[in-house]
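Trainee: Below you will find the structure I want to go over with you.
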Amino acid sequence: MTRTGSRTTGRPTLAEVARLSGVSPITASRALRGVSTVAPALAEKVQAAAATLGYIANPAARALASARSQSVVVLIPSLSNQLFIDTLEAIHAVMRPRGLEVLIGNYHYDSAQEENLIRNYLAYQPCGMLLTGFDRSEASRQMLAASGVPCVHMMELGGEEGAVSVGFSQQQAGRAAARHLIERGRRRLGFIAAQLDPRVMQRAEGFRQELADAGLDAAELQLLSPQPSSIGLGSELFSQMLAQAPDVDGIFFCNDDLAQGAVLQALRQGIEVPRQVAMVGFNDLPASAHMVPRLTSIRTPRAAVGRSAAQALLSLLDGKPVTARQQDLGFELMVRESS
């Protein structure tokens, strides 16, 4: 077979793939993007033709032709946090059948990095964006508003008027942790947190509000570290808490890895959990149910958030109304041995 390829690059073209597989260029494009409406047998035929020709799609050309790419940008603050890994997996599961490419930007909890990512990704004309929370620079907000790109916000509720958000109340989660410890008869309650992003501070505020409503004051029983959350840091902060407040009898940790480190440190120091100190974590990471003792934690709907946010974005892309601008997916207190 004689192949001419692109007139400018000499590379095989989509039209050639379509001719070889006996379909239209539109069908060939959909098959190569994994759109679920293409029959499996036909998709396999197109993919075989592309492999034979050595065809590689050109997303830049596709974006130029349509004024929008077939890419969805997802901006998250961390790739080392299981919370966001679960969310990303769910987003991929929704977007893949539609043939949409998911581009991931990790801004490491740094608003300046997020601003640069937004500027760079908007240059590629994404068809939609999934953003984490609402706290970002004014420049980022202006770029997003001017772009007209549909956006859905994850993990928090509310935001500017008209914003579409999927998540749960971080503040109510903090209240639930405090309420549980109070109901367990604890009165000297501490809060330990790291990676002090806005969602952590919302949980801290809810925790403090619940204590105040119960007539308890634990302002001095608070340790806040700007360092990244980790098991090792949890061990260190737990020891610091005991040093400054030996009578603390209940602690809420802003993340499970901190709580897991505290459980291990308590074991090393011979401190009985929960008899001496009850502990509650957040996110209910997989290892928490296997700690000794098993860790009480607030289970967050991280996969459901990703799935629902992706579905909401698809509705916006399809021009369909999003009936619930704020989708509150709630959370669940998983009571185990540590409290």
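Trainee: Output the residues belonging to the range 189-225 that are open to solvent by 40 Å² or more (accessible area, probe 1.4 Å), in a loop (DSSP other than H, G, I, E, B) and either in contact with a Phe, Trp or Tyr (Cβ under 6 Å, 6 or more places away or on another chain) or of a type in the set (D, E, K, R) (or both).
Mentor: Listed by number, the residues that qualify are 217, 220.
Trainee: Identify all residues within the range 15-44 that are open to solvent by less than 40 Å² (accessible area, probe 1.4 Å) and either among the β-branched types (Val, Ile, Thr) or touching a strand residue (DSSP E or B) at 6+ places or on another chain (Cβ under 8 Å) (or both); write none if there are none.
Mentor: Across the range 15-44, the qualifying residues are 17, 23, 27, 35, 38.
Trainee: A follow-up question, please. Test residue 245 against the stated conditions and say whether it is out of contact with any helix residue (DSSP H, G or I) (no Cβ under 7 Å at 6 or more places or on another chain), more than 20 Å from residue 297 (Cβ to Cβ) and of a type in the set (Gly, Ala, Ser).
Mentor: yes
Trainee: Which of the residues that make up the range 187-228 are charged (D, E, K, R) and farther than 15 Å from residue 281 by Cα?
Mentor: 187, 188, 197, 205, 208, 210, 213, 217, 220
Trainee: Go over the candidates 188, 179 one by one and state the one that is farther than 16 Å from residue 77 by Cβ, basic (Lys, Arg) and out of contact with any Gly (no Cβ under 8 Å at 6 or more places or on another chain).
Mentor: Of the residues listed, the single one that is farther than 16 Å from residue 77 by Cβ, basic (Lys, Arg) and out of contact with any Gly (no Cβ under 8 Å at 6 or more places or on another chain) is 179.
The values are calculated or read from the model by the stated rules, or taken from the named source; none is laboratory data. These numbers were taken from a predicted model, which means no experiment stands behind them. Cβ coordinates were reconstructed from backbone atoms using ideal geometry, including for glycine residues, and neighbour counts include every protein chain displayed. Ligands, DNA and RNA are stripped out before the accessible areas are found, and what is left, the full protein with its side chains, is counted by its heavy atoms. Shrake-Rupley method; radii C 1.70, N 1.55, O 1.52, S 1.80 Å.
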